[in-house]
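Worksheet: one structure, shown below.
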Amino acid sequence: MSRGVKSIETRHHEERDRFFAGLSRLSRRSFFKLAGVAAAASWGKGLWTPRSFQLVDVANAAAEKEAAKFTFAYISDTHLYEQKLNDRFVRAILKAVDDVNALDPQPDFVLFGGDLAQLGQPAELKLGREILKTVKAPVKMMVGEHDWFLDMGDLWKEYFGAPSYSFDHKGVHFVTIMSVQEKDFWTARGMTPMERMQTVAGLDNGVQSRFEVGPEGREWLKKDLEKVDKKTPVIVFSHSPLYKYYRNWNFWTEDAEPVQEILRPFKTVTVIHGHTHQLLTNHIGNISFHGMLSTAWPWPYAPEGLPKLTVQMNRADPFNQFDGCGDGTTTVDEIGLVDALYNLWDRNPVTVRASYVTSGGKNDPPPTTTLASY
(Lines give C-alpha, C1' and ligand atoms only; values in the text may rest on other atoms or scores of the structure.)
Protein backbone atom coordinates (compact mmCIF):
# COMPACT_ATOMS: atom_id res chain seq x y z
CA MET A 1 0.00 0.00 0.00
CA SER A 2 1.69 3.20 -1.10
CA ARG A 3 2.00 6.28 1.04
CA GLY A 4 -0.37 9.14 0.46
CA VAL A 5 -3.36 7.02 -0.66
CA LYS A 6 -6.64 8.83 0.01
CA SER A 7 -9.94 7.05 0.38
CA ILE A 8 -12.99 8.13 -1.61
CA GLU A 9 -14.58 9.36 1.61
CA THR A 10 -11.62 11.58 2.46
CA ARG A 11 -11.65 13.16 -0.99
CA HIS A 12 -15.38 13.80 -0.54
CA HIS A 13 -14.79 15.54 2.78
CA GLU A 14 -12.04 17.70 1.24
CA GLU A 15 -14.48 18.77 -1.50
CA ARG A 16 -17.11 19.49 1.16
CA ASP A 17 -14.63 21.63 3.14
CA ARG A 18 -13.88 23.66 0.01
CA PHE A 19 -17.63 24.13 -0.52
CA PHE A 20 -18.17 25.45 3.00
CA ALA A 21 -15.12 27.68 2.69
CA GLY A 22 -16.86 29.24 -0.32
CA LEU A 23 -20.05 29.70 1.70
CA SER A 24 -18.12 31.67 4.31
CA ARG A 25 -17.51 34.37 1.69
CA LEU A 26 -21.24 34.91 1.04
CA SER A 27 -23.07 37.86 2.51
CA ARG A 28 -25.64 37.13 5.21
CA ARG A 29 -28.52 37.90 2.81
CA SER A 30 -27.06 35.66 0.08
CA PHE A 31 -26.43 32.83 2.54
CA PHE A 32 -30.01 32.71 3.80
CA LYS A 33 -31.35 32.92 0.27
CA LEU A 34 -29.19 30.01 -0.83
CA ALA A 35 -30.04 28.00 2.31
CA GLY A 36 -33.75 28.44 1.70
CA VAL A 37 -33.52 27.27 -1.89
CA ALA A 38 -31.43 24.22 -0.89
CA ALA A 39 -33.82 23.26 1.91
CA ALA A 40 -36.85 23.49 -0.36
CA ALA A 41 -35.14 21.38 -3.01
CA SER A 42 -34.12 18.74 -0.48
CA TRP A 43 -37.61 18.54 1.00
CA GLY A 44 -39.20 18.26 -2.42
CA LYS A 45 -36.97 15.37 -3.39
CA GLY A 46 -37.49 13.51 -0.13
CA LEU A 47 -33.87 14.00 0.89
CA TRP A 48 -34.57 15.70 4.21
CA THR A 49 -33.60 13.08 6.79
CA PRO A 50 -33.90 13.85 10.51
CA ARG A 51 -30.83 12.96 12.56
CA SER A 52 -31.36 11.13 15.83
CA PHE A 53 -27.86 11.51 17.26
CA GLN A 54 -26.95 14.87 18.73
CA LEU A 55 -23.55 16.29 19.57
CA VAL A 56 -22.48 15.06 22.99
CA ASP A 57 -20.12 17.46 24.78
CA VAL A 58 -19.93 16.42 28.38
CA ALA A 59 -18.30 19.60 29.69
CA ASN A 60 -18.28 23.04 28.12
CA ALA A 61 -15.09 24.91 27.35
CA ALA A 62 -15.45 27.18 30.38
CA ALA A 63 -15.17 24.17 32.68
CA GLU A 64 -11.66 23.24 31.53
CA LYS A 65 -9.40 22.92 34.60
CA GLU A 66 -6.05 22.27 33.00
CA ALA A 67 -4.34 22.95 29.71
CA ALA A 68 -4.05 19.81 27.62
CA LYS A 69 -0.70 18.14 28.08
CA PHE A 70 -0.72 15.92 25.00
CA THR A 71 -2.98 13.86 22.78
CA PHE A 72 -2.81 10.47 21.16
CA ALA A 73 -5.12 9.00 18.54
CA TYR A 74 -6.38 5.49 18.00
CA ILE A 75 -7.44 3.13 15.23
CA SER A 76 -8.91 -0.17 16.36
CA ASP A 77 -10.59 -3.43 15.39
CA THR A 78 -10.06 -3.29 11.63
CA HIS A 79 -10.64 -7.06 11.09
CA LEU A 80 -8.89 -7.15 7.74
CA TYR A 81 -9.34 -9.90 5.21
CA GLU A 82 -7.24 -10.07 2.08
CA GLN A 83 -8.37 -7.23 -0.15
CA LYS A 84 -9.55 -9.57 -2.89
CA LEU A 85 -11.97 -11.15 -0.39
CA ASN A 86 -13.22 -8.00 1.33
CA ASP A 87 -12.13 -4.51 0.29
CA ARG A 88 -14.77 -2.82 2.47
CA PHE A 89 -12.70 -3.20 5.63
CA VAL A 90 -9.59 -2.07 3.74
CA ARG A 91 -11.37 1.11 2.69
CA ALA A 92 -12.37 1.66 6.32
CA ILE A 93 -8.83 1.47 7.72
CA LEU A 94 -7.63 3.76 4.92
CA LYS A 95 -10.30 6.24 5.99
CA ALA A 96 -9.06 6.06 9.58
CA VAL A 97 -5.46 6.58 8.50
CA ASP A 98 -6.57 9.62 6.52
CA ASP A 99 -8.31 10.92 9.65
CA VAL A 100 -5.30 10.70 11.94
CA ASN A 101 -2.88 11.95 9.28
CA ALA A 102 -5.07 15.04 8.84
CA LEU A 103 -4.96 15.97 12.54
CA ASP A 104 -3.26 19.32 13.12
CA PRO A 105 -1.34 19.33 15.33
CA GLN A 106 -0.40 15.70 14.96
CA PRO A 107 -0.93 13.42 17.98
CA ASP A 108 2.14 12.33 19.92
CA PHE A 109 1.44 8.76 18.81
CA VAL A 110 -1.33 6.50 17.50
CA LEU A 111 -2.55 3.44 19.37
CA PHE A 112 -3.66 0.46 17.32
CA GLY A 113 -6.23 -1.23 19.54
CA GLY A 114 -6.07 -4.86 18.38
CA ASP A 115 -7.79 -7.19 15.91
CA LEU A 116 -5.83 -5.97 12.93
CA ALA A 117 -6.71 -9.24 11.15
CA GLN A 118 -9.93 -11.23 11.04
CA LEU A 119 -8.52 -14.77 11.12
CA GLY A 120 -4.85 -14.16 11.89
CA GLN A 121 -3.80 -15.06 8.35
CA PRO A 122 -0.31 -13.96 7.26
CA ALA A 123 -1.75 -12.02 4.31
CA GLU A 124 -4.17 -10.18 6.61
CA LEU A 125 -1.48 -9.17 9.11
CA LYS A 126 0.92 -8.18 6.35
CA LEU A 127 -1.72 -6.00 4.70
CA GLY A 128 -2.46 -4.27 7.99
CA ARG A 129 1.21 -3.73 8.72
CA GLU A 130 1.77 -2.11 5.33
CA ILE A 131 -1.23 0.21 5.71
CA LEU A 132 -0.20 1.28 9.22
CA LYS A 133 3.24 2.21 7.88
CA THR A 134 1.51 5.16 6.17
CA VAL A 135 0.52 6.69 9.52
CA LYS A 136 2.57 9.85 10.09
CA ALA A 137 2.82 9.62 13.89
CA PRO A 138 4.55 6.75 15.74
CA VAL A 139 2.25 3.72 16.12
CA LYS A 140 1.91 1.69 19.33
CA MET A 141 0.56 -1.79 18.64
CA MET A 142 -1.78 -3.90 20.77
CA VAL A 143 -2.82 -7.44 19.96
CA GLY A 144 -6.37 -8.82 19.78
CA GLU A 145 -7.65 -12.37 19.78
CA HIS A 146 -8.22 -12.33 16.00
CA ASP A 147 -4.49 -11.66 15.56
CA TRP A 148 -3.32 -14.36 17.93
CA PHE A 149 -5.04 -17.73 17.93
CA LEU A 150 -4.12 -19.07 14.49
CA ASP A 151 -0.42 -19.44 15.34
CA MET A 152 -0.54 -18.32 19.01
CA GLY A 153 1.02 -15.00 18.18
CA ASP A 154 4.15 -16.15 16.33
CA LEU A 155 3.72 -13.83 13.34
CA TRP A 156 2.42 -10.97 15.47
CA LYS A 157 5.58 -11.07 17.61
CA GLU A 158 7.74 -11.24 14.48
CA TYR A 159 6.02 -8.18 13.00
CA PHE A 160 5.29 -6.08 16.09
CA GLY A 161 7.25 -7.40 19.07
CA ALA A 162 6.14 -8.51 22.52
CA PRO A 163 2.38 -8.33 23.19
CA SER A 164 2.94 -6.78 26.65
CA TYR A 165 5.23 -3.79 27.09
CA SER A 166 5.35 -0.41 28.79
CA PHE A 167 6.77 3.04 28.16
CA ASP A 168 6.84 6.47 29.78
CA HIS A 169 5.67 9.59 28.00
CA LYS A 170 5.51 13.14 29.37
CA GLY A 171 5.07 12.05 32.97
CA VAL A 172 2.56 9.27 32.29
CA HIS A 173 3.34 5.55 32.55
CA PHE A 174 1.72 3.58 29.73
CA VAL A 175 1.17 -0.18 29.90
CA THR A 176 0.05 -2.32 26.96
CA ILE A 177 -1.17 -5.63 28.36
CA MET A 178 -1.97 -8.87 26.55
CA SER A 179 -5.48 -9.50 27.88
CA VAL A 180 -6.97 -12.09 25.49
CA GLN A 181 -5.38 -15.23 26.88
CA GLU A 182 -7.66 -18.27 27.01
CA LYS A 183 -7.49 -21.58 28.80
CA ASP A 184 -6.66 -24.45 26.45
CA PHE A 185 -9.93 -25.71 24.95
CA TRP A 186 -8.37 -26.99 21.70
CA THR A 187 -5.84 -29.69 22.54
CA ALA A 188 -8.27 -32.21 24.06
CA ARG A 189 -10.64 -31.63 21.16
CA GLY A 190 -7.90 -32.20 18.58
CA MET A 191 -8.59 -28.89 16.86
CA THR A 192 -6.52 -27.63 13.96
CA PRO A 193 -5.05 -24.12 14.23
CA MET A 194 -7.79 -22.78 11.94
CA GLU A 195 -10.53 -24.52 13.94
CA ARG A 196 -9.10 -22.92 17.08
CA MET A 197 -9.00 -19.52 15.37
CA GLN A 198 -12.55 -19.77 14.06
CA THR A 199 -13.81 -20.80 17.48
CA VAL A 200 -12.25 -17.77 19.14
CA ALA A 201 -13.55 -15.52 16.36
CA GLY A 202 -17.14 -16.48 17.23
CA LEU A 203 -18.73 -13.84 19.43
CA ASP A 204 -20.97 -16.15 21.44
CA ASN A 205 -19.15 -19.46 21.01
CA GLY A 206 -19.55 -21.36 24.28
CA VAL A 207 -16.64 -23.74 23.58
CA GLN A 208 -13.93 -21.19 24.25
CA SER A 209 -13.02 -19.89 27.68
CA ARG A 210 -13.37 -16.27 28.75
CA PHE A 211 -10.54 -13.82 28.13
CA GLU A 212 -7.99 -13.24 30.86
CA VAL A 213 -4.67 -11.55 31.49
CA GLY A 214 -3.60 -14.78 33.18
CA PRO A 215 -1.16 -15.51 36.03
CA GLU A 216 1.96 -14.75 33.98
CA GLY A 217 0.46 -11.52 32.67
CA ARG A 218 -0.56 -10.36 36.13
CA GLU A 219 2.92 -11.12 37.46
CA TRP A 220 4.46 -9.17 34.58
CA LEU A 221 2.16 -6.24 35.36
CA LYS A 222 3.11 -6.28 39.06
CA LYS A 223 6.82 -6.23 38.25
CA ASP A 224 6.40 -3.47 35.68
CA LEU A 225 4.52 -1.24 38.13
CA GLU A 226 6.92 -1.84 41.05
CA LYS A 227 9.24 0.87 39.72
CA VAL A 228 6.46 3.44 39.19
CA ASP A 229 5.64 6.07 41.81
CA LYS A 230 2.06 5.71 43.03
CA LYS A 231 1.36 9.36 42.19
CA THR A 232 2.32 8.83 38.55
CA PRO A 233 -0.70 8.67 36.22
CA VAL A 234 -1.06 5.24 34.62
CA ILE A 235 -2.81 4.55 31.31
CA VAL A 236 -3.41 0.93 30.37
CA PHE A 237 -4.06 -0.28 26.83
CA SER A 238 -5.99 -3.55 26.83
CA HIS A 239 -7.97 -5.26 24.10
CA SER A 240 -10.49 -6.85 26.46
CA PRO A 241 -12.22 -4.38 28.77
CA LEU A 242 -10.56 -5.36 32.13
CA TYR A 243 -13.99 -5.45 33.72
CA LYS A 244 -16.96 -7.79 33.44
CA TYR A 245 -19.56 -6.53 31.00
CA TYR A 246 -21.37 -9.44 29.30
CA ARG A 247 -19.99 -12.95 29.64
CA ASN A 248 -21.99 -14.65 26.88
CA TRP A 249 -20.32 -12.47 24.23
CA ASN A 250 -16.91 -12.53 25.91
CA PHE A 251 -17.18 -8.80 26.58
CA TRP A 252 -15.45 -9.93 29.70
CA THR A 253 -12.11 -10.34 31.47
CA GLU A 254 -12.21 -13.34 33.80
CA ASP A 255 -9.49 -12.06 36.13
CA ALA A 256 -10.62 -8.43 36.02
CA GLU A 257 -10.74 -8.03 39.80
CA PRO A 258 -7.14 -9.21 40.44
CA VAL A 259 -5.92 -6.92 37.65
CA GLN A 260 -7.86 -3.99 39.10
CA GLU A 261 -6.32 -4.77 42.50
CA ILE A 262 -2.82 -4.43 41.03
CA LEU A 263 -3.80 -1.00 39.68
CA ARG A 264 -5.57 0.16 42.85
CA PRO A 265 -2.57 1.77 44.64
CA PHE A 266 -2.17 4.37 41.89
CA LYS A 267 -3.89 7.73 42.21
CA THR A 268 -5.01 8.05 38.58
CA VAL A 269 -5.56 5.07 36.25
CA THR A 270 -7.29 4.99 32.87
CA VAL A 271 -7.94 1.89 30.76
CA ILE A 272 -8.43 2.30 27.00
CA HIS A 273 -9.84 -0.92 25.55
CA GLY A 274 -10.96 -2.35 22.23
CA HIS A 275 -12.96 -5.49 21.33
CA THR A 276 -16.49 -4.21 22.03
CA HIS A 277 -16.75 -1.90 18.95
CA GLN A 278 -18.85 0.71 20.77
CA LEU A 279 -18.78 3.79 22.93
CA LEU A 280 -18.41 2.54 26.50
CA THR A 281 -17.68 4.44 29.69
CA ASN A 282 -17.09 2.92 33.11
CA HIS A 283 -15.56 3.87 36.44
CA ILE A 284 -14.52 1.38 39.14
CA GLY A 285 -12.66 2.67 42.20
CA ASN A 286 -9.69 4.67 40.96
CA ILE A 287 -9.96 3.40 37.37
CA SER A 288 -11.72 5.07 34.43
CA PHE A 289 -12.52 2.96 31.37
CA HIS A 290 -13.13 4.03 27.77
CA GLY A 291 -14.01 1.63 24.95
CA MET A 292 -12.79 2.24 21.42
CA LEU A 293 -14.74 2.33 18.19
CA SER A 294 -14.10 -0.16 15.39
CA THR A 295 -13.47 0.73 11.76
CA ALA A 296 -15.15 -2.51 10.64
CA TRP A 297 -18.58 -2.65 12.28
CA PRO A 298 -20.36 -1.62 15.53
CA TRP A 299 -21.63 -4.28 17.91
CA PRO A 300 -25.02 -3.72 19.52
CA TYR A 301 -25.04 -3.11 23.25
CA ALA A 302 -25.39 -6.27 25.30
CA PRO A 303 -28.78 -7.09 26.87
CA GLU A 304 -27.36 -6.71 30.38
CA GLY A 305 -24.27 -5.51 32.21
CA LEU A 306 -23.91 -2.16 30.44
CA PRO A 307 -21.90 0.27 32.62
CA LYS A 308 -24.24 2.95 33.93
CA LEU A 309 -22.00 5.83 32.80
CA THR A 310 -22.16 4.78 29.16
CA VAL A 311 -23.81 7.26 26.81
CA GLN A 312 -25.23 4.87 24.26
CA MET A 313 -24.85 5.31 20.55
CA ASN A 314 -28.01 4.94 18.52
CA ARG A 315 -28.32 1.80 16.47
CA ALA A 316 -26.38 1.77 13.23
CA ASP A 317 -27.92 2.17 9.80
CA PRO A 318 -27.44 -1.26 8.16
CA PHE A 319 -27.29 0.38 4.72
CA ASN A 320 -24.43 2.71 5.67
CA GLN A 321 -21.05 1.01 5.84
CA PHE A 322 -19.50 3.59 8.13
CA ASP A 323 -22.38 4.41 10.49
CA GLY A 324 -21.45 3.61 14.08
CA CYS A 325 -17.80 3.08 13.15
CA GLY A 326 -14.89 5.45 13.53
CA ASP A 327 -11.64 6.29 15.26
CA GLY A 328 -10.73 8.70 18.03
CA THR A 329 -8.34 10.88 19.96
CA THR A 330 -7.52 11.02 23.64
CA THR A 331 -6.35 14.15 25.44
CA VAL A 332 -4.33 13.71 28.63
CA ASP A 333 -4.32 16.74 30.91
CA GLU A 334 -1.65 17.98 33.31
CA ILE A 335 -2.68 15.64 36.11
CA GLY A 336 -3.15 12.57 33.92
CA LEU A 337 -6.94 12.68 33.52
CA VAL A 338 -8.34 11.73 30.13
CA ASP A 339 -10.89 13.25 27.77
CA ALA A 340 -11.96 10.72 25.12
CA LEU A 341 -13.22 11.97 21.76
CA TYR A 342 -15.12 9.46 19.62
CA ASN A 343 -14.87 10.41 15.96
CA LEU A 344 -18.04 8.66 14.78
CA TRP A 345 -18.17 8.60 11.02
CA ASP A 346 -21.32 10.07 9.50
CA ARG A 347 -22.44 11.28 12.93
CA ASN A 348 -21.58 14.06 15.32
CA PRO A 349 -18.46 13.42 17.38
CA VAL A 350 -18.85 12.44 21.03
CA THR A 351 -16.56 13.78 23.75
CA VAL A 352 -16.58 12.07 27.16
CA ARG A 353 -14.61 14.18 29.59
CA ALA A 354 -12.83 13.23 32.79
CA SER A 355 -15.10 15.53 34.80
CA TYR A 356 -18.06 13.32 33.95
CA VAL A 357 -16.35 9.99 34.58
CA THR A 358 -14.55 10.77 37.83
CA SER A 359 -17.69 12.29 39.37
CA GLY A 360 -19.62 9.11 38.71
CA GLY A 361 -21.89 10.99 36.35
CA LYS A 362 -22.81 13.77 38.81
CA ASN A 363 -20.99 16.55 36.99
CA ASP A 364 -21.59 17.60 33.42
CA PRO A 365 -24.11 14.87 32.54
CA PRO A 366 -24.34 14.31 28.79
CA PRO A 367 -27.58 14.71 26.84
CA THR A 368 -29.26 11.46 25.99
CA THR A 369 -29.95 10.25 22.47
CA THR A 370 -33.39 10.74 21.01
CA LEU A 371 -34.12 7.07 20.35
CA ALA A 372 -34.72 4.42 22.98
CA SER A 373 -31.88 2.11 23.88
CA TYR A 374 -31.45 -1.14 22.02
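Here segment 221-364 is treated with +1 on each Lys and Arg Cβ and -1 on each Asp and Glu Cβ, and its dipole about the Cα centre works out to around 380 debye. Going down the table (Lys157/Lys227; Lys126/Lys157; Lys95/Lys157; Lys133/Lys157; Lys84/Lys126; Lys170/Lys222), which pairs top 20 Å between alpha carbons? Among Lys157/Lys227; Lys126/Lys157; Lys95/Lys157; Lys133/Lys157; Lys84/Lys126; Lys170/Lys222, the Cα-Cα distance tops 20 Å for Lys157/Lys227; Lys95/Lys157; Lys170/Lys222. If you take all other residues with their beta carbon under 13 Å from the beta carbon of Arg315, and give Lys and Arg +1 and Asp and Glu -1, the sum is -1. The listed residues Met292, Met191 rank as Met191, Met292 when sorted by accessible area, largest first, using a 1.4 Å probe. Accessible-area rank, largest first, for Glu82, Glu124: Glu82, Glu124, with all protein chains present and a 1.4 angstrom probe.
Counting Lys and Arg as +1 and Asp and Glu as -1, what is the net charge of the other residues whose Cβ lies under 11 Å from the Cβ of Tyr74? Result for the local shell: -2. Placing +1 on each Lys and Arg Cβ and -1 on each Asp and Glu Cβ, with no other charges, gives segment 69-178 a dipole about its Cα centre of roughly 300 debye. Net charge of the neighbourhood of Ala188, taken over other residues with C-beta under 14 Å away and scored Lys/Arg +1, Asp/Glu -1, is 0.
Quick check: residue separation of Lys170 and Asn248 times 0.36 nm, minus the Cα distance between them. What number comes out in nm?
24.2 nm
Residues Asp104, Asp317, Asp98 ordered from highest to lowest accessible area at a 1.4 Å probe: Asp104, Asp317, Asp98.
The values are calculated or read from the model by the stated rules, or taken from the named source; none is laboratory data. The model shown is predicted, which means the values in this text are computed figures rather than measured ones. Here Cβ is always computed from backbone atoms with ideal geometry, including for glycine, and neighbour counts include all displayed protein chains. The accessibility values were calculated without ligands, DNA or RNA, using every heavy atom of the protein model including side chains. Shrake-Rupley method; radii C 1.70, N 1.55, O 1.52, S 1.80 Å.
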